[in-house]
Structure formats: structure tokens, C-alpha cells
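Below is one structure; the comments refer to it alone.
The values are calculated or read from the model by the stated rules, or taken from the named source; none is laboratory data. No experiment lies behind these values; they were computed from the predicted model shown. So basically every Cβ, Gly included, is an ideal-geometry build from the backbone, and we count neighbours across all protein chains shown. Calculation scope for accessible area: heavy atoms of the full protein, side chains included, ligands and nucleic acids excluded. Shrake-Rupley method; radii C 1.70, N 1.55, O 1.52, S 1.80 Å.
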Amino acid sequence: CPDLFPLPVDGDPHNVKWVFWGANGNYMIGTFDGWTFQREGEILSADAGANFAAAQTWNDIPGSDGRRIQIAWMGSGVYPNMPFNQQMTFPCELSLRTTPDGLRLFRYPVGEIEALAVERHSWCDATLRPGDDPLDGIHHDLLDIRAEIDLGTARSILFTLRGEPVRYSSSEERLFCRRTSAPLRPVDGRVKLRILLDRTSIEVFGNRGLVSMTSCFVPEPDDRTASLEAIGGTATVVEMHVTELRSAWN
């Protein structure tokens, strides 16, 4: 499932690179003259989750929109007693941005997800001590979580969503979800996390899409709990919005 598409670097329309994409989520950045693609740099990986494959981007998005939008196949998921096999990811907007490690592809959920919002819970500059749980009382099966957290002295930040842990380790500078992990360096002592919780999947994005982790999971139907805790020290929730979503099919 190859794909080949142009993207502006850091939003500059006068500086465009091409991305060559493979079915396994690996990609190369380079140039393309209409005949030959010339790779610049190493082969990179776009997603560190357990179930990400065969992603493709849409063609013919109107120029007035200008986005490059991608959707992937979530392969190898297991759905007991369901009349379907496998599923697709949330659509994501792609961008090329300069990082301390060089040019990287960022993946971030499209803004249209806001149309599914039902109820929003927000926090700002909230101290998070061991034993605190600002999400206590939230019971919903579809969630969109956006959080910026100052790590402070905490060794780890742990979200548990419908029984599924999503953990950021300060000491390792790694993000963990569904038996996989990815490196994620904090910026000025802070990390930004976006988590999309669906009925049979969880998609995690770190630092505005520098890291993405796409995984299938089937929670217990009656478990709609959510929690957030700091482990081993105190952190600060600089800003967090937890949005309960409705089904896209209703």
C-alpha cells in the first residue's frame, strides 16, 4: 500500500518535501521530480502502536482546505462475537516539522472530531499529587482527552481508561500503551498527550503528533471508568480537556 505525497516544511509553501509511505507505517522524506524519488535521510516510523497498517491519504482535497488527511487500517484486532473484521483509525492531518532530531512527520486527529462532542470537563493549573484523581466521576465509553502536564517530581503519569493503562515515564522519557512504547522527550519539563478512546480502539498522540500509537482493544462492556494519577511525585496539570463523544453513526 504505497503512498507518495508532498508536504510543506513547517507550513512554508515555498519549501516542499515529498513523503514516500509504506504499508508498515515506515516513511522516507525526499524530493520528487515527477519521475524519480530521491530519499534524504533515514527510514522513519510513523506509528508505534500495536495495530497500525496500510495507511492512505485522500486525493483531491480542495485547495481552500489544503490539508493532507490520512486514515489507516487497524489490522490484527480481535472482536469476539462481532459481525465484522478489523476497523479503521480516526482520520489524521499530516505535517512535516523541524525537530531537534531533524525533519519528522507529525500525525494529529482532524478538527472535525469536535462535531462529536457531547460534554467537556476542563482543568487548568491543577496540582496532581499521588492519590489524586481528577477524572474520578467520569463514566463514558467514548473520550477525547487533551492534556498538557508539567512532570514536576513525578516518575510517571498514568491514565487508566476503561481498564487500559496509558503511561508516560519521566525517567525513561517513553510513552507506553498496549504492550508497545515510543520515545517522547518532554519540552521544558512538559508533555502534551492526546488520547482518543473508542469502543474497540485507543489512539495516543504525544507532543502534537510527533509520536502516535494506534492499538485495538476490547474493554469490558460495563467498565466506563477513567482515572489519572501521578506516581512517585507531584505533577501539574497545566491544561486538560476531557470531552465525552457521541457515536459518529447516530
Kindly list, by first and then second residue, each pair from a residue in the stretch 212-227 that is under 11 Å from ILE202 (Cα atoms) to a residue that is surrounded by fewer than 17 Cβ atoms within 10 Å (Cβ to Cβ) and small (Gly, Ala, Ser), limited to pairs with Cβ atoms under 8 Å and residues at least 6 apart or on different chains.
-> CYS216/SER76; PRO219/GLY163
Among the residues of the stretch 126-134, is any in a loop (DSSP other than H, G, I, E, B) and surrounded by fewer than 12 Cβ atoms within 10 Å (Cβ to Cβ)?
-> yes
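Pick from the stretch 209-229 the residues that are of a type in the set (Val, Ile, Thr) and within 20 Å of GLN87 (Cβ to Cβ): which of them is modelled with the lowest pLDDT?
VAL218
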Filtering the stretch 57-110 down to residues that are loosely packed, with under 15 Cβ neighbours inside 10 Å, in a strand (DSSP E or B) and more than 16 Å from the chain's Cα centre (by Cα) yields THR98, THR99, GLY102
Across the stretch 157-178, what is the total count of residues that are open to solvent by 10 Å² or more (accessible area, probe 1.4 Å) and either under 23 Å from TYR27 (Cβ atoms) or not basic (Lys, Arg) (or both)?
-> 12
How about the stretch 179-199: which of its residues are open to solvent by 30 Å² or more (accessible area, probe 1.4 Å) and assigned to a loop (DSSP other than H, G, I, E, B)?
-> ARG179, ARG185, PRO186, ASP188, GLY189, ASP198, ARG199
Quick one: in the stretch 7-26, of everything that is of a type in the set (Gly, Ala, Ser) and within 27 Å of MET74 (Cα to Cα), which residue is most open to solvent (accessible area, probe 1.4 Å)?
-> ALA23
Could you please tell me which pairs satisfy a Cβ distance under 8 Å, a separation of 6+ or placement on different chains, a first residue in the stretch 182-208 that is within 17 Å of VAL237 (Cβ to Cβ) and modelled with pLDDT of 95 or more, and a second residue that is among the aliphatic types (A, V, I, L, M) and open to solvent by 50 Å² or more (accessible area, probe 1.4 Å)?
-> ASN207/VAL187
When you look at GLY209, is it within 23 Å of VAL110 (Cα to Cα) and either outside any strand (DSSP E or B) or in contact with a strand residue (DSSP E or B) (Cβ under 7 Å, 6 or more places away or on another chain) (or both), yes or no?
-> yes
Could you tell me whether PHE176 is on the phi < 0 side of the Ramachandran plot, at pLDDT below 95 and touching a strand residue (DSSP E or B) at 6+ places or on another chain (Cβ under 6 Å)?
-> no
